[in-house]
Amino acid sequence: MGLGKWIGGVMGFMALGPLGALAGYAIGSLFDSASDAERMSGAGEYANDEVQRSAAGQRSSFLFSLLVMASYIIRADGKVMHSEMEFVRNFLRRNFGEQAVAEGQQILLNLFEERKRMEQRDPMAFRNTIRDCGAQMAANLSYEERLQLLNFLVMIAKSDGTVCAAEIDALKEVSAAMGLSAKEIDSMLNLSGDSLDEAYKVLEVAPTATDEEVRAAYRRLALKHHPDKVAALGEDIRKAAEVKFQQINAAKERVYKARGMK
């Protein structure tokens, strides 16, 4: 990904507020340890193209925001699972390239260390910072981008095969801080299910809902989760959103079939 592009993201909406403070530690220490060549890599790539520079900043801002929230979800149960870290590494490799794997992992480890340092001073300090970061994201990321970010966090929590109560509580905290609802978490937790009950949860309706209520619920989901809504973050993020969209459609088909709807 190039260290210059990480820094480029900080120059966007992350330059100020709690995200900027965390970026200064988590990315700054990584940047300081790099060689001059590494520091310059990517820094001037978009210097003469405002549109590309803005897109790159938005993309790296989204990724750093994801890593900040991931550091909270991963440690929610008091331990760092290998499966969760491996999921993050594979996510970085698949969506941002091989170079981003080592850099992103180090940023995540730096965030773990910063959490430890903050909590030694005040046990609630990092938790409060996460809430403040969520508010900053809510003000600067679109609703659809925040939904996609939350979906990635849910996938991280599910990566070890189970989602414990502490992780669900942490997901709810993060969701609320970003201006999203707990119902959306329940929907995402059931996306990969294949039962009718899970399908209703994906659509965010009860089995007692009328056919028209089911149709309306699906239309709302299809609109807010459409892959094109996150296309500005890059084709790979759009493809990840497309997988989620297909899972929503599969849930809709199960419910429609069970009800004899067309």
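The values are calculated or read from the model by the stated rules, or taken from the named source; none is laboratory data. These numbers were taken from a predicted model, which means no experiment stands behind them. In this analysis, Cβ positions are derived from the backbone assuming ideal geometry, glycine residues included, and neighbour counts consider all displayed protein chains. Accessible surface areas use protein heavy atoms only, side chains included; no ligands, DNA or RNA. Shrake-Rupley method; radii C 1.70, N 1.55, O 1.52, S 1.80 Å.
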K262 fails exactly one of (1) without any contact (Cβ under 8 Å) to a residue 12 or more places away in the chain; (2) open to solvent by less than 50 Å² (accessible area, probe 1.4 Å); (3) touching a helix residue (DSSP H, G or I) at 6+ places or on another chain (Cβ under 8 Å); (4) not hydroxyl-bearing (S, T, Y), namely (2)
Does the stretch 108-116 contain any residue that is without any contact (Cβ under 8 Å) to a residue 60 or more places away in the chain and either farther than 22 Å from A15 by Cα or hydroxyl-bearing (S, T, Y) (or both)?
-> yes
Show the residue pairs that are 6+ apart or on different chains and have beta-carbon atoms under 7 Å apart, the first residue being within the stretch 187-215 and at positive phi, the second being open to solvent by 20 Å² or more (accessible area, probe 1.4 Å) and modelled with pLDDT under 95.
-> E204/K183
What number of residues within the stretch 72-87 are over 11 Å from the mean Cα position of the chain (by Cα) and in a helix (DSSP H, G or I)?
-> 8
Odd one out for L196 among (1) under 15 Å from R75 (Cα atoms); (2) open to solvent by 60 Å² or more (accessible area, probe 1.4 Å) | (1)
Helices (runs of 4 or more DSSP H) wholly inside the stretch 177-262 containing at least 1 residues that are over 30 Å from N140 (Cβ atoms) = 196-203, 211-224, 235-259
Just wondering, is there one or more residues in the stretch 110-129 that are under 17 Å from S181 (Cβ atoms), part of a helix (DSSP H, G or I), of a type in the set (V, I, T) and open to solvent by less than 30 Å² (accessible area, probe 1.4 Å)?
-> no
Select from the stretch 60-86 the residues that are at pLDDT 90 or above and hydroxyl-bearing (S, T, Y) and write down the one among them that is surrounded by the fewest Cβ atoms within 10 Å (Cβ to Cβ).
-> S83
Scan (1) open to solvent by less than 60 Å² (accessible area, probe 1.4 Å); (2) at pLDDT 95 or above; (3) more than 26 Å from the chain's Cα centre (by Cα) for the single condition V202 breaks and write down its number.
-> (3)
Scan R89, R93 and give me the residue that is closer than 18 Å to A240 by Cα, open to solvent by 40 Å² or more (accessible area, probe 1.4 Å) and in contact (Cβ under 8 Å) with a residue 12 or more places away in the chain.
-> R89
Could you say which residue among L149, L153 is assigned to a helix (DSSP H, G or I), farther than 14 Å from A76 by Cα and under 12 Å from the mean Cα position of the chain (by Cα)?
-> L149
All-but-one check, G104 against (1) touching a Leu at 6+ places or on another chain (Cβ under 8 Å); (2) in contact (Cβ under 8 Å) with a residue 40 or more places away in the chain; (3) outside any helix (DSSP H, G or I), failing number (3)
